[in-house]
Amino acid sequence: MEKSVIIIGAGIAGLSAGCYAQLNGYKSQIFELHELPGGLCTAWERKGYLIDGCIHYLFGTAPDQPFHDLWTDLGVLEDRTIINHDELMRVIEPDGRTFHVYADPDRLEAHMCELSPNDADLISDFTAGIRQFMNFDMAIMQKKPRSLMNAADWLEFNRAVLGYAIPMAKWGQTSAREFADRLENPLLKRAFPLIFGWEDIPVMVGMSVLAYMATGNAGFPAGGSLAFAQALERRYLELGGEIHYKAQVEKILVAHGRAVGVRLYSDEEHHADTIISAADGRGTLFDMLGEAYISKDLRRRYDTHLPIHAQVLTALGVNRDLSSEPHWAAYLLDKPLLIAGKERSAIGVKTYCFDPGLAPPGKSVIQMTLDSDYGYWQRIYGRRLYDLEQLQVADILTGFLEKYYPGITADIEMTDVATPLSYERYTGNWLGSTCGWLLTDKTMMMMVKGLSKTLPDLDNFYMAGQWVEPGGSVPIVAMSGRNVVQLLCAADGREFVSRRAE
């Protein structure tokens, strides 16, 4: 008899879980609060410009490289052009001196040593780490849930990881801030926390990005994040799955210690043998399940002491070809700018001319993303001040751009500002988080050990997505969807398959 599965959320984790459920003989359906697939992996159109809200680079874009098998299973890279960059970004001082963050570790090392000969030993250590991680299969960490690994699996895992144990221990517990503090050069000191995203991110994460860029395994899929999510949606529907949009789940139905279905806000009820929540973690545990299955550890995890990343994204559509400009640059400021209640010492600017499908011919999309406190925006939401503050953010950033792109204000045809509340409204993510728990040197061990995808005392229920995968990221949450179906198959005594037999 065909078993049924209900999946909450049509983000990357939910769609991945749906695809693998269909491949393994389950009848699944997905309920999604929004009208589009992808969750945080999305884009939106404004006046002919496409604002990409997610992918900067995607692990798994090169054949025979880590994570590529995952995307082959899910059918998202077929006939899709992959755009590779030879540098991650540039960091530019007020006087114009520039640090090029090259993907090639040899080129990067030579450039950094030219900038700062006194830091040569530390630079050599850093680029040696990049070279080591070029051959590291990060996908092995997510290949199979730890609870399902047998002796052969552990042997394969240990063989794959053993040679990297020392660099993982060394760079996984060193933050970008700590590494920057050891550098002498002022430009490099300021640059390192910027190029890797935030001060407390483990250096290993940034090394892995550069390592995979160097091997061509961290490209940008042409068409952007929404097109990527829609390709995954098509794969799921082709496999026989069903998606219900604008169908927000209010409650997960439980009977005799088993999850048996969901009730929507429309009061419709739908039942299934298994429920998978790929939705917001806090909303799942505290609202949909009514706090009935929250352990002390889970309650402590959601008490706000763990860091969460929320952001304000400002996008501009400009009547100017910026293809000769760097695709990503962080401009260091000699005088901080006060934006959304916080002083900013640097502004990152992305131009998307490398993908011609995101703007009309001869025109460009500029995006500037800043970390931003959810509470700052929540306090003024619902009042005219909220709209005025969005306009002010855009005005300050436009004024900043004038220094580097003279006359750009007159070329602006579109302005759009998304706050943490925008992300919360369209994705349901608690506090507008874009990656669940922020990956730091403190939360790194949560990722390495893995968080449970089941709950004590609740059968036939699983969780997938960024709230059980610290640090999130598109490939990791897609693997999370795969992992819950592996757990489901094991519980039902089925052999897990990843591809449909020809």
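The values are calculated or read from the model by the stated rules, or taken from the named source; none is laboratory data. On a predicted model such as this, the values are computed, not experimentally measured, just so you know. Using ideal geometry, Cβ is built from the backbone for each residue, glycine included, and neighbour counts are taken over all protein chains shown. Heavy atoms of the whole protein, side chains included, go into the accessibility calculation; ligands, DNA and RNA do not. Shrake-Rupley method; radii C 1.70, N 1.55, O 1.52, S 1.80 Å.
Using the charge dipole of the chain (Lys, Arg: +1 at Cβ; Asp, Glu: -1 at Cβ; taken about the Cα centre), state which of 354, 283, 54 has its Cα farthest towards the positive end.
Going by the charge dipole, the pick is 283.
Over what distance in Å are the Cα centres of the stretch 141-216 and the stretch 335-384 separated?
28 Å
For the stretch 442-502, what is the relative contact order in percent, using Cα pairs closer than 8 Å and at least 6 residues apart in sequence? If you can, show how the numbers build up before the last one.
Values: 43 pairs, mean separation 14.2, N = 61.
This gives 23 percent for the stretch 442-502.
Give me the number: length gained by fully extending residue 199 to residue 354, i.e. 0.36 nm times residue separation minus the C-alpha to C-alpha distance, one decimal in nm.
On the way: separation 155, 0.36 × 155 = 55.80 nm, distance 2.80 nm.
Going from the current span to full extension adds 53.0 nm.
What accessible area per residue, rounded to a whole number of Å², is obtained for the stretch 11-59 using a probe radius of 1.4 Å? Could the numbers behind the result be given before it?
Details: 1350 Å² over 49 residues.
I get 28 Å² per residue for this part.
For the chain, what is the charge dipole size about the Cα centre, in debye to the nearest 20, if Lys and Arg each add +1 at the Cβ and Asp and Glu each add -1 at the Cβ?
Values: 47 positive and 64 negative charges, 165 e Å.
Charge dipole of the chain: 800 debye, to the nearest 20.
My understanding is that a pair violates if its Cα-Cα distance is over 18 Å; which of 27/143; 296/442; 143/453; 47/403 do that in this structure? If you can, show how the numbers build up before the last one.
Values: 27/143 23 Å; 296/442 20 Å; 143/453 15 Å; 47/403 26 Å.
Correct reply: 27/143; 296/442; 47/403.
Carbon and sulfur together cover what percent of the accessible area of the stretch 294-440 at a 1.4 Å probe radius?
Numbers: 3300 of 6480 Å².
Result for the stretch 294-440: 51 percent of the exposed heavy-atom area is carbon or sulfur.
How much of the accessible area of the stretch 1-59, probe 1.4 Å, is carbon plus sulfur, in whole percent? Before the final figure, lay out the partial values.
Numbers: 960 of 1810 Å².
The nonpolar share, carbon plus sulfur, comes to 53 percent.
Quick one: if you stick a label point 7 Å off each Cα along the C-beta vector at residue 445 and residue 391, how many nm between them?
Here the modelled spin labels are 5.1 nm apart.
From the residues 194, 23, 319, which one has its Cα farthest along the dipole of the chain in the positive direction, the dipole being from +1 and -1 charges on Cβ of Lys/Arg and Asp/Glu about the Cα centre?
Value computed over the given set: 23.
How long is the gain from residue 46 to residue 64 if the chain were fully straight, where each residue apart is worth 0.36 nm and the alpha carbon distance is subtracted? Don't jump to the answer; show the numbers that get you there.
Numbers: separation 18, 0.36 × 18 = 6.48 nm, distance 3.74 nm.
Full-extension gain reported as 2.7 nm.
Report, in whole Å, the centroid distance computed from the Cα atoms of the stretch 413-430 and the stretch 432-502.
With the stretch 413-430 and the stretch 432-502 each reduced to a Cα centre, they are spaced 25 Å.
Quick check on the stretch 381-435: what does the Kirkwood estimate of hydrodynamic radius come out to from the alpha carbon pairs, in Å? Walk me through the numbers on the way to the answer.
On the way: mean 1/r = 0.0773 Å⁻¹.
Its Kirkwood hydrodynamic radius stands at 12.9 Å.
Please work out the C-alpha center-to-center distance from the stretch 1-41 to the stretch 245-268 and express it in whole Å.
A separation of 15 Å, based on Cα centres.
Expressed as a rounded percentage, what relative contact order does the chain have, with Cα pairs under 8 Å and six or more residues apart? Spell out each step's value before the answer.
Values: 988 pairs, mean separation 118.1, N = 502.
This gives 24 percent for the chain.
Assuming 1.567 mPa s and 4 °C, estimate D for the stretch 144-286 with Stokes-Einstein, Rh taken as the Kirkwood radius over Cα pairs, in µm²/s.
Working: Rh = 20.3 Å.
D, rounded to a whole number, is 64 µm²/s.
Please go through the stretch 164-224 and write out the GluC sites (Glu not before Pro) that DSSP classes as loop and that have at most 12 other C-beta atoms within 10 Å.
Details: sites: 178, 184, 199; in loops: 184, 199.
Qualifying residues, ordered by number: 184.
Could you check the spin-label model distance between residue 379 and residue 222? Points 7 Å from the Cα along Cα→Cβ, value in nm.
A separation of 4.7 nm, rounded to one decimal place.
How long, wide and thick is the stretch 33-170, going by the Cα atoms along their three principal axes, in whole angstroms, largest first?
Computed over the Cα atoms, the extents are 54, 49, 28 Å.
Which helices, counted as full DSSP H runs in the chain, have an axial Cα extent of no less than 18 Å and a Kyte-Doolittle average of 0.5 or above?
Working: long enough: 120-133 (20 Å, 0.36); 224-238 (21 Å, -0.16); 384-404 (31 Å, -0.04); 474-491 (26 Å, 1.36).
Sorted by number, the helices that extend far enough and score high enough are 474-491.
Among 481, 433, 409, whose Cα lies farthest out toward the positive end of the dipole of the stretch 374-491, if unit charges sit on the beta carbon of Lys, Arg (+1) and Asp, Glu (-1)?
Working it through, the farthest residue towards the positive pole turns out to be 481.
Sort 299, 320 by accessible area with a 1.4 Å probe, largest first.
Numbers: 299 105, 320 60 Å².
Ranking 299, 320 by accessible area, largest first, yields 299, 320.
How much of the accessible area of the stretch 144-227, probe 1.4 Å, is carbon plus sulfur, in whole percent?
Values: 2000 of 3410 Å².
Answer for the stretch 144-227 is 59 percent, counting heavy atoms of protein chains only.
How large is Rg over Rh for the chain, taking Rg from the Cα atoms and Rh as the Kirkwood inverse mean of 1/r across Cα pairs?
Answer for the chain: 0.96.
Can you give me the orientation-averaged projected area of the convex hull built on the Cα atoms of the stretch 310-361, in nm²?
For the stretch 310-361, averaging the hull's shadow over all directions gives 4.7 nm².
Ignoring ligands, DNA and RNA, what accessible area per residue does the stretch 145-283 give at 1.4 Å, in Å²?
Details: 5930 Å² over 139 residues.
Spelled out: the 1.4 Å probe surface of the stretch 145-283, per residue, equals 43 Å².
Which values of log₁₀ I(q)/I(0), to two decimal places, follow from the Debye formula for the stretch 1-62 at q = 0.15, 0.16, 0.20, 0.22 Å⁻¹ with a uniform point scatterer at every Cα?
Log-scaled intensity ratios, in q order: -0.59, -0.65, -0.85, -0.93.
Suppose each label sits 7 Å from its Cα in the direction of the beta carbon; what would the residue 155-residue 113 distance come out to in nanometres?
Simple spin-label model gives 4.3 nm for this pair.
How far, in nm, would the chain grow between residue 305 and residue 173 when pulled straight, counting 0.36 nm per residue and subtracting the alpha carbon separation? Could you put the intermediate results ahead of the total?
Details: separation 132, 0.36 × 132 = 47.52 nm, distance 1.92 nm.
Length gained, residue 305 through residue 173: 45.6 nm.
Antiparallel DSSP bridges in the chain: what percent, to the nearest 5? Intermediate results must be reported in sequence, preceding the final value.
Details: 49 of 69 bridges.
Of the beta bridges lying entirely in the chain, close to 70 percent run antiparallel.
Would you calculate, for the chain, the mean residue ellipticity at 222 nm contributed by helices, counting each DSSP H stretch of 4 or more residues as -39,500 (n - 2.57) and dividing by all residues, to the nearest 500?
Roughly -10500 deg cm²/dmol at 222 nm, from the helical runs in the chain.
What whole-number volume per residue, in cubic angstrom, does the convex hull of the C-alpha atoms of the stretch 445-501 give?
Working: hull volume 5.4 nm³, N = 57.
Dividing the Cα hull volume of the stretch 445-501 by its residues yields 94 Å³.
Take every Cα pair under 8 Å in the stretch 316-423 that's 6+ residues apart, average their separations, divide by the length, and report that relative contact order as a whole percent. The partial results should precede the final answer.
Working: 141 pairs, mean separation 34.6, N = 108.
That works out to 32 percent.
Report, by chain and number, residues whose modeled amide H sits under 5 Å from the one on residue 46, excluding near sequence neighbours (fewer than 5 apart, same chain).
So residue 46 has HN proximity to 51.
Hey, what does the equivalent ellipsoid look like for the stretch 231-291, semi-axes from the Cα gyration tensor as sqrt of 5 times each eigenvalue, largest first, whole Å? Write out the running numbers ahead of the final one.
On the way: eigenvalues 99, 35, 28 Å².
They are 22, 13, 12 Å, listed from largest to smallest.
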